[in-house]
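Asker: Sharing a structure below in structure tokens format, with a few things to ask.
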Amino acid sequence: MKRRLFQSLAILIGLVPPNYVVACDVSVPLFNFDRKIAIEANGSFSYAADADGIGIDRGMPVMDVGNGRVGQRIFTMGCFQSETLLFVDCNTKEMIEVEGVEPKSEVDTYGMSDRLIDLIQYPKGPIRVSKMTVGQVAAVAQKHGYTFTVNVMEKLEKMRKKNRYDPFMGCKIYYPDSEGAKS
């Protein structure tokens with residue numbers, strides 16, 4: 001109810017065009033795919049989905065960042081593009097997901113702007129996965145007010161099995177003898 005009132009008010013005073021407000025009504029499942037996740041040899045994937053099938057994730061190829069650690073850019077498609085950095089230590093099986101941030105803008109986007117991980121990673125941001133541990137990334141994320149979780153498996157377990165991605169895929173590709181690869 002409040003969302004509809006805000007949308008109507010926003011249209012009336014000209015803050016946003018009507019098609020933008022209606023298109024971004026998250027109560028309408030625009031991206032509800034009922035497909036099995038597709039996983040490529042490089043660890044990229046498509047059709048991962050949250051439990052209700054509305055948020056659709058797509059993962060880019062896994063990157064080896066050295067010393068038994070891997071990273072992956074994960075996109076969540078919806079009213080805007082939201083990127084998440086998945087960083088996994090294959091030796092310890094520790095992992096973290098850090099959400100991207102909105103670009104600085106002089107125009108208020110009301111939280112409806114893309115959230116990019118390039119802005120939190122070196123050279124534009126303070127996170128440098130090639131030189132940090134999962135614990136250090138968490139400390140930097142907390143210091144800078146980034147949204148993150150180290151409970152990645154808990155999040156994944158809420159996803160439908162057929163749409164769940166494997167956060168240890170990069171370990172299996174780049175560090176097949178690691179503890180993470182055995183998961």
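Asker: Does Ser105 fit the bill of being part of a helix (DSSP H, G or I), among the polar types (S, T, N, Q) and at pLDDT below 95?
Answerer: Against the criterion (part of a helix (DSSP H, G or I), among the polar types (S, T, N, Q) and at pLDDT below 95), Ser105 does not qualify.
Asker: Pull out all pairs, ordered by first then second residue, where Cβ-Cβ is under 7 Å, the residues are six or more apart or on different chains, the first lies in region 115-138 and is small (Gly, Ala, Ser), and the second is at pLDDT 90 or above and not in a loop (DSSP other than H, G, I, E, B).
Answerer: Hits for this filter: Ser130/Val65; Ser130/Gly66; Ala138/Ile96; Ala138/Phe148.
Asker: Something else about it: Report whether or not Arg164 is surrounded by 13 or more Cβ atoms within 10 Å (Cβ to Cβ) and either among the aromatic types (Phe, Trp, Tyr) or more than 17 Å from Gly43 (Cα to Cα) (or both).
Answerer: The answer is no for Arg164.
Asker: So which residues in region 114-132 are touching an Asp or Glu at 6+ places or on another chain (Cβ under 9 Å), within 15 Å of Glu97 (Cβ to Cβ) and either of a type in the set (D, E, K, R) or in a loop (DSSP other than H, G, I, E, B) (or both)?
Answerer: Arg115, Ile117, Ile120
Asker: Filter region 25-68 down to residues that are in a strand (DSSP E or B) and within 9 Å of Asn163 (Cβ to Cβ) and give me whichever is modelled with the lowest pLDDT.
Answerer: Looking at the filtered set, the residue picked out is Ile56.
Asker: When region 134-183 is examined, which residues are found to be over 19 Å from the mean Cα position of the chain (by Cα) and β-branched (Val, Ile, Thr)?
Answerer: Result: Ile173, single match.
Asker: Can you confirm whether Ala181 is farther than 18 Å from Cys90 by Cβ, surrounded by fewer than 19 Cβ atoms within 10 Å (Cβ to Cβ) and either aromatic (Phe, Trp, Tyr) or out of contact with any strand residue (DSSP E or B) (no Cβ under 9 Å at 6 or more places or on another chain) (or both)?
Answerer: no
Asker: A follow-up question, please. List pairs: first residue in region 156-175 and touching a residue at least 24 places away in the same chain (Cβ under 8 Å) and of a type in the set (Val, Ile, Thr), second residue surrounded by 19 or more Cβ atoms within 10 Å (Cβ to Cβ) and not in a loop (DSSP other than H, G, I, E, B) anywhere in the structure, Cβ distance under 9 angstrom, at least six positions apart or on different chains.
Answerer: Matching pairs, first to second residue: Ile173/Val70.
Asker: Quick check on my filter: what residues within region 134-178 are in contact with a strand residue (DSSP E or B) (Cβ under 8 Å, 6 or more places away or on another chain), over 19 Å from Gly66 (Cβ atoms) and outside any helix (DSSP H, G or I)?
Answerer: Hits for region 134-178 are Tyr146, Thr147, Phe148, Thr149, Val150, Met159, Arg160, Arg164, Tyr165, Asp166.
The values are calculated or read from the model by the stated rules, or taken from the named source; none is laboratory data. Quantities reported herein were computed from a predicted structural model and do not represent experimental measurements. Backbone-built Cβ (ideal geometry, glycine too); neighbour counts: all protein chains shown.
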